[in-house]
Amino acid sequence: MERVSRILAVVAPTADTQPALDRAAVIARATGAPLELLIVDYNEYLDEVHARPFPSLEEARQEMVTAQERHLEALAAPLRASGLDVTTTLLRHHPVYRGIVRHAAATGADLVFKDTERQSALARALFSNADWDLIRSCASPLWLVNPGPWPEHPVFVAAVDPLNEHDKPAALDDEILSVAKVLARAAHAEVHAFHAFDPRLAVSAGMANAYVPVLPFDEIEAEMHKQHGERFAELVSFHEIPGERAHLVAGAAHDELPKLAGELDASLVVMGAVARKRLERLFIGSTAERTLEHLPCDLLIVKPPWFDSASEHA
């Protein structure tokens, strides 16, 4: 991503607050990009009205459509008055996530914003099935928003994997950092890079193989730190991330990334979605799922550069 030229904000049809729209408006103002407000909705009873020729159903459906169009315009009006270029779209589509994916692809959206729910008692973001489907299938960078104010000078954390240990294409790390930097320039944010390696996995693998001598844990950790550190240093140096903002951590990513995000009071974590093979549908593994659900901030999911056809993966 070299610049943000089109932003899509998914609007919740009945919600009183729209955190994703608020966040999208912040980025639209910072980048000058046009903003589209989108409702994708489906009512099994009313949207199948063509199969049920009853005037009362058709009337109810039209009332619902009119109400949602008014809802979109009511949200758009103050944004337009503030100087933003805002359009609105209402789509009927099932499943809803696929309608979002296809519309984003058709309109060339550079960023897609969507709300997530938050359960404050557990201090964790909760992702619905639709969120996970969007994470796996949306070709555009997907910004999942947790409710809360946006700081004047936010902190972004870009999570990378320079050794590609999770079958992630090497180009994805460059894309993650490039996207983070483009958005950081617009939002006056500070970019940090993060990578975690887990020596316990190497110890477990060695113990499972009777023919491989197991080194002391300290030696294993030191060797892994050296190996991962060299590659991580090359990556962050290429992207001009200062050393004090490069965080190489020994431990499980799903523990260490949320911890670092909390310590830095991060506003956004940028991560990549991975695929074992180029032609397979992208997936988020169990480790990454645990990471995502414990983040205390917004999440931006970035796909590999070759992932450019949402229709093939939705």
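The values are calculated or read from the model by the stated rules, or taken from the named source; none is laboratory data. Because the structure is a prediction, the values reported are computed rather than measured. Heads up, the Cβs are rebuilt from the backbone with ideal geometry, glycines too, and the neighbour counts pull from every protein chain shown. Note: areas computed on protein heavy atoms with side chains; ligands, DNA, RNA excluded. Shrake-Rupley method; radii C 1.70, N 1.55, O 1.52, S 1.80 Å.
Some values worked out for this structure:
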item	result
Within segment 1-37, tally of residues that are assigned to a helix (DSSP H, G or I), of a type in the set (A, V, I, L, M) and without any contact (Cβ under 8 Å) to a residue 60 or more places away in the chain	2
Candidate set from segment 51-62 (those that are open to solvent by less than 90 Å² (accessible area, probe 1.4 Å) and part of a helix (DSSP H, G or I)); member that is modelled with the highest pLDDT	Q62
Conditions (1) over 15 Å from A253 (Cα atoms); (2) among the hydrophobic types (A, V, I, L, M, F, W, C); (3) modelled with pLDDT of 95 or more; number of the one not met by V157	(1)
Residues satisfying the stated conditions in segment 226-246, i.e. aliphatic (A, V, I, L, M) and in a helix (DSSP H, G or I)	A233, L235, V236
Test: residue in segment 27-50 that is surrounded by fewer than 13 Cβ atoms within 10 Å (Cβ to Cβ), closer than 29 Å to V179 by Cα and at pLDDT below 95	no
Residue under evaluation V65, criteria (1) surrounded by fewer than 18 Cβ atoms within 10 Å (Cβ to Cβ); (2) modelled with pLDDT of 95 or more; (3) among the aliphatic types (A, V, I, L, M), criterion not met	(2)
Qualifying residue in segment 168-184 (condition: open to solvent by 10 Å² or more (accessible area, probe 1.4 Å), modelled with pLDDT of 65 or more and either more than 29 Å from F238 (Cβ to Cβ) or part of a loop (DSSP other than H, G, I, E, B) (or both))	no
Long-range neighbours under 8 Å by Cβ, at least six apart or interchain, first residue crowded, with 16+ Cβ neighbours inside 10 Å and at pLDDT below 65 within segment 116-145, second acidic (D, E) and part of a strand (DSSP E or B)	A125/E117
Close pairs from segment 211-227: first over 14 Å from F197 (Cα atoms), partner modelled with pLDDT of 70 or more and surrounded by 10 or more Cβ atoms within 10 Å (Cβ to Cβ), Cβ under 8 Å, at least 6 apart	L215/E223
Within segment 86-115, considering residues that are part of a loop (DSSP other than H, G, I, E, B) and not acidic (D, E), the one least open to solvent (accessible area, probe 1.4 Å)	A109
Residues within segment 5-24 that are closer than 22 Å to A106 by Cα, buried (at least 21 other Cβ atoms within 10 Å of the Cβ) and either more than 17 Å from the chain's Cα centre (by Cα) or not small (G, A, S) (or both), tallied	5
Some residue of segment 197-220 being assigned to a helix (DSSP H, G or I), at pLDDT 95 or above and basic (K, R)	no
Single residue of segment 244-255 satisfying the filter (of a type outside the set (A, V, I, L, M) and at pLDDT 95 or above) that is farthest from L295 (Cα to Cα)	E244
Condition met for A15 (among the hydrophobic types (A, V, I, L, M, F, W, C) and at pLDDT 95 or above)	no
